[in-house]
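Participant: Next up is a structure, given as structure tokens.
The values are calculated or read from the model by the stated rules, or taken from the named source; none is laboratory data. Remember, it's a predicted structure, so these values are computed and weren't measured experimentally. Glycine also receives a Cβ, built like all others from the backbone with ideal geometry; neighbour counts cover every protein chain displayed.
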Amino acid sequence: MVTSLFNNNQDIGDITLPGRIHFDPENDIYSVTGSGKNMWLTADAFHFAWTQVSGDVSLTANITFPEVGKNPHRKACLIIRQDLTAGSAYADAALHGDGLTSLQFRNEKDGTTHEVQANVSGPKRLRLEKRGAYVLMYLADTDQELQFSGASERLELQEPFYFGIGVCSHEEDVVETALFSNVSIAPVSPISQTPTLYSVLETQDIASTDRRVCHVTTSHIEAPNWLLDGKTLLVNGNGRILQIPAEGGEPTVLDTGFAIRCNNDHGVSPDGTLLVVSDQSQENHQSLIYTLPITGGTPKRITERGPSYWHGWSPDGNTHVFCGQRDGKFGIFTIPAEGGEETRLTITDSLDDGPEYSPDGRYIYFNSDRTGRMQIWRMKPDGSDLEQVTTDDYNNWFPHLSPSGEKMAFLSYEKEVSGHPPNKNVTLRLMNLLSGQITILGRFFGGQGTINVPCWSPDGRKIAFVTYQLIG
């Protein structure tokens, strides 16, 4: 006969109708009943059955709702919390009544809950895993092996923490019941010496901050941007340009002719008719810039000299801006869209990279370490009137401006990290260029390949990026 894994249970937050738990040891089923207005934003109201644990650990269970509920947003969750107070830092793998499944998290006490939505609806078995400073969600149908959902977030908790199962009815005056069966708590093995790298293509709604997984793969993909239809994403992978539906689906390879060593610097023309790629398949295998029809075809060479890494197209479509290395020094260059003479805009011993035009064409934004730390700068399109945009303790890379020109997304490394390497703890941040206020969009494992190129949807409502995980 199985003994209960959870020593205690209680209501968390402001509860009108008390919850309860019943454990059936013969069938290893926990019946959890709870009320509660919500588990979202700053709200914390649910019933929680828990035990205290430390270290890297996973909680796995089959979850079902035995009855039709009142609110489609009712939640049955696998939960990790710093403490039992409302407003605690936490994460959960949440199965909603309508089948939506997401990794929800609050990174700090009394902060706001955010989420990464899986592209799988109504799974039967869920796992919440705490590995180091990260929480990850795995999903499966009952008879299938658990698979990494792509949902992960950095969440740093102090040991011991609370691990358990919970239910929120999403209605103050209603109780709902969920059944948790085949429940296990197990230590998580250390990452092996040859882990598998998972690439996760995500989109994020800027207004709600909701993230959604579009595609999970063990192939290495990088640098998403959007076609003008707002329905299709482009990424590079294994030297090719791939098209992936923004709502989720399998990738298809775009015909780029001889350009089969494309790196992560590519984009779409303002009118949506051309694709620009940076490719290393010709001559001495230095990166050169080419354009071709957006539907695929034979590349046309734009830059004569290399290495050249494309980063932006002027709003009028007449000019490319790119990072190039000439005479051993990197700098920012422009070149006519049809090719021709390149113009160097920055000449310093520093590294200047990631240039992109503002939507009104008045500025070129870029990142530079000319003050000792990588920060975001901007200048006029002729290279004059340099201004520093960010000044903080991060190393900031790859500024990408919203179509309105009012917001700027960029990637931040910790201050001790030099360059823009892969597989680091990074923070995706958003600056309001009118007020200067900076907010956090996500804390995850990434870096090189996350947002190297323009990443805003054409309507300015979403951005796209790639996160990564090393899983043994």
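Participant: Could you tell me whether any residue of the range 364-373 is under 22 Å from the mean Cα position of the chain (by Cα), free of Cβ contacts under 8 Å to residues at least 60 places away in the same chain and in the same structural domain as Asn263 (by TED's automatic domain parsing)?
Facilitator: Within the range 364-373, one or more residues are under 22 Å from the mean Cα position of the chain (by Cα), free of Cβ contacts under 8 Å to residues at least 60 places away in the same chain and in the same structural domain as Asn263 (by TED's automatic domain parsing).
Participant: Let me ask something else. Please work out which residue is surrounded by the fewest Cβ atoms within 10 Å (Cβ to Cβ), limiting yourself to the range 353-388 and to residues that are among the β-branched types (Val, Ile, Thr) and closer than 19 Å to Val453 by Cα.
Facilitator: Among those residues, the one meeting the criterion is Ile376.
Participant: Of everything in the range 432-470 that's of a type in the set (A, V, I, L, M) and more than 17 Å from the chain's Cα centre (by Cα), which residue is farthest from Val116 (Cα to Cα)?
Facilitator: That would be Leu434.
Each row is one residue, and each column tells you yes or no for (1) touching a residue at least 40 places away in the same chain (Cβ under 8 Å); (2) under 24 Å from Glu108 (Cα atoms).
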{"residue": "Leu386", "(1), (2)": "no, no"}
{"residue": "Ser402", "(1), (2)": "yes, no"}
{"residue": "Glu406", "(1), (2)": "no, no"}
{"residue": "Leu411", "(1), (2)": "yes, yes"}
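Participant: I've got another one for you. Hey, among the residues in the range 96-126 that are touching a residue at least 60 places away in the same chain (Cβ under 8 Å) and more than 20 Å from Ser208 (Cβ to Cβ), which one's surrounded by the most Cβ atoms within 10 Å (Cβ to Cβ)?
Facilitator: Looking at the filtered set, the residue picked out is Leu126.
Participant: Let me ask something else. Hey, can you tell me all the residues within the range 34-61 that are buried (at least 22 other Cβ atoms within 10 Å of the Cβ) and not in a strand (DSSP E or B)?
Facilitator: Hits for the range 34-61 are Ser35, Gly36, Ala45.
Participant: Condition test on Gly383, is it of a type outside the set (S, T, N, Q) and closer than 30 Å to Asp271 by Cα?
Facilitator: Answer is yes for this residue.
Participant: Go through the range 295-305 and count every residue that is surrounded by fewer than 20 Cβ atoms within 10 Å (Cβ to Cβ) and either touching a Ser or Thr at 6+ places or on another chain (Cβ under 8 Å) or not polar (S, T, N, Q) (or both).
Facilitator: Within the range 295-305, residues that are surrounded by fewer than 20 Cβ atoms within 10 Å (Cβ to Cβ) and either touching a Ser or Thr at 6+ places or on another chain (Cβ under 8 Å) or not polar (S, T, N, Q) (or both) number 6.
Participant: Tell me, which strands (runs of 3 or more DSSP E) lie completely within the range 82-121 with 2 or more residues that are in the same structural domain as Val135 (by TED's automatic domain parsing) and aliphatic (A, V, I, L, M)?
Facilitator: Counting at least 2 such residues, we get 90-96.
Residue-by-condition table, conditions (1) within 28 Å of Glu115 (Cα to Cα); (2) in contact with a Leu (Cβ under 8 Å, 6 or more places away or on another chain); (3) charged (D, E, K, R):
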{"site": "Arg373", "(1), (2), (3)": "no, no, yes"}
{"site": "Ser384", "(1), (2), (3)": "no, no, no"}
{"site": "Asn425", "(1), (2), (3)": "yes, no, no"}
{"site": "Gly472", "(1), (2), (3)": "yes, no, no"}
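Participant: Suppose we filter Ser169, Ser181, Ser152 for residues that are assigned by TED's automatic domain parsing to the domain that holds Lys70, over 22 Å from Ile29 (Cα atoms) and at pLDDT 95 or above; which single one remains?
Facilitator: After applying the criteria, what remains is Ser152.
Conditions tested, residue by residue: (1) over 23 Å from the mean Cα position of the chain (by Cα); (2) over 24 Å from Pro66 (Cβ atoms).
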site	(1), (2)
Asp110	no, yes
Ala118	no, no
Leu128	no, no
Tyr138	no, no
Gln144	yes, no
Glu156	no, yes
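Participant: Can you name the residue in the range 265-285 that is out of contact with any Lys or Arg (no Cβ under 6 Å at 6 or more places or on another chain), assigned to a loop (DSSP other than H, G, I, E, B) and at pLDDT 95 or above and, of all such residues, is surrounded by the fewest Cβ atoms within 10 Å (Cβ to Cβ)? Don't jump to the end; show me each part of the working.
Facilitator: Filtering the range 265-285 down to residues out of contact with any Lys or Arg (no Cβ under 6 Å at 6 or more places or on another chain) leaves 265-278, 282-285.
With assigned to a loop (DSSP other than H, G, I, E, B) added as a condition, the list becomes 265-266, 269-273, 282-285.
Among the residues that remain, those that are also at pLDDT 95 or above are: 265-266, 269-273.
Working: Asp265: 24, His266: 30, Ser269: 16, Pro270: 17, Asp271: 11, Gly272: 13, Thr273: 13.
Ranking the candidates gives Asp271 first.
Participant: Moving to a separate point now. Within the range 212-224, identify whether any single residue is under 29 Å from Arg20 (Cα atoms) and touching a Ser or Thr at 6+ places or on another chain (Cβ under 6 Å), and answer yes or no.
Facilitator: No; the residues of the range 212-224 include none that is under 29 Å from Arg20 (Cα atoms) and touching a Ser or Thr at 6+ places or on another chain (Cβ under 6 Å).
Participant: Still on this structure: If you scan the range 338-352, which residues turn out to be surrounded by 15 or more Cβ atoms within 10 Å (Cβ to Cβ) and not hydroxyl-bearing (Ser, Thr, Tyr)?
Facilitator: Gly339, Glu342, Leu345, Leu351, Asp352
Participant: Kindly list the number of the only condition in (1) more than 30 Å from Pro18 (Cα to Cα); (2) of a type outside the set (Asp, Glu); (3) surrounded by fewer than 21 Cβ atoms within 10 Å (Cβ to Cβ); (4) at pLDDT 95 or above that fails for Val174.
Facilitator: Only one criterion is unmet by Val174, namely (1).
Participant: Would you call Thr291 in a strand (DSSP E or B), out of contact with any Cys (no Cβ under 9 Å at 6 or more places or on another chain) and more than 28 Å from Arg131 (Cβ to Cβ)?
Facilitator: Yes: the conditions hold for Thr291.
Participant: Let me ask something else. If I ask for residues that are of a type in the set (S, T, N, Q), touching a His at 6+ places or on another chain (Cβ under 9 Å) and closer than 20 Å to Ile451 by Cβ, which ones from the range 266-307 would you list?
Facilitator: The first filter runs over the range 266-307 and keeps only residues of a type in the set (S, T, N, Q), leaving 269, 273, 278, 280-282, 284, 286-287, 291, 295, 298, 303.
Okay, now just the ones that are also touching a His at 6+ places or on another chain (Cβ under 9 Å), so 278, 291, 303.
If the condition is that a residue be of a type in the set (S, T, N, Q), touching a His at 6+ places or on another chain (Cβ under 9 Å) and closer than 20 Å to Ile451 by Cβ, then Ser278 is the only one that fits.
Participant: Could I ask something else about it? Out of the range 3-33, which residues are in a loop (DSSP other than H, G, I, E, B), touching a residue at least 60 places away in the same chain (Cβ under 8 Å) and either surrounded by 14 or more Cβ atoms within 10 Å (Cβ to Cβ) or not assigned by TED's automatic domain parsing to the domain that holds Cys77 (or both)?
Facilitator: Correct list: Leu5, Phe6, Gly13, Thr16, Leu17, Gly19, Asp28.
Participant: Looking only at the range 127-149, count how many residues are over 21 Å from Tyr30 (Cα atoms) and buried (at least 21 other Cβ atoms within 10 Å of the Cβ).
Facilitator: Counting residues in the range 127-149 that are over 21 Å from Tyr30 (Cα atoms) and buried (at least 21 other Cβ atoms within 10 Å of the Cβ) gives 4.
Participant: Same structure again: Quick check: anything in the range 207-224 hydroxyl-bearing (Ser, Thr, Tyr), closer than 21 Å to Ala94 by Cα and touching a strand residue (DSSP E or B) at 6+ places or on another chain (Cβ under 7 Å)?
Facilitator: Yes, some residue in the range 207-224 is hydroxyl-bearing (Ser, Thr, Tyr), closer than 21 Å to Ala94 by Cα and touching a strand residue (DSSP E or B) at 6+ places or on another chain (Cβ under 7 Å).
Participant: Check the range 330-337 and report whether any residue there is surrounded by 14 or more Cβ atoms within 10 Å (Cβ to Cβ), closer than 21 Å to Asn395 by Cα, of a type in the set (Val, Ile, Thr) and without any contact (Cβ under 8 Å) to a residue 40 or more places away in the chain.
Facilitator: No, that holds for no residue.
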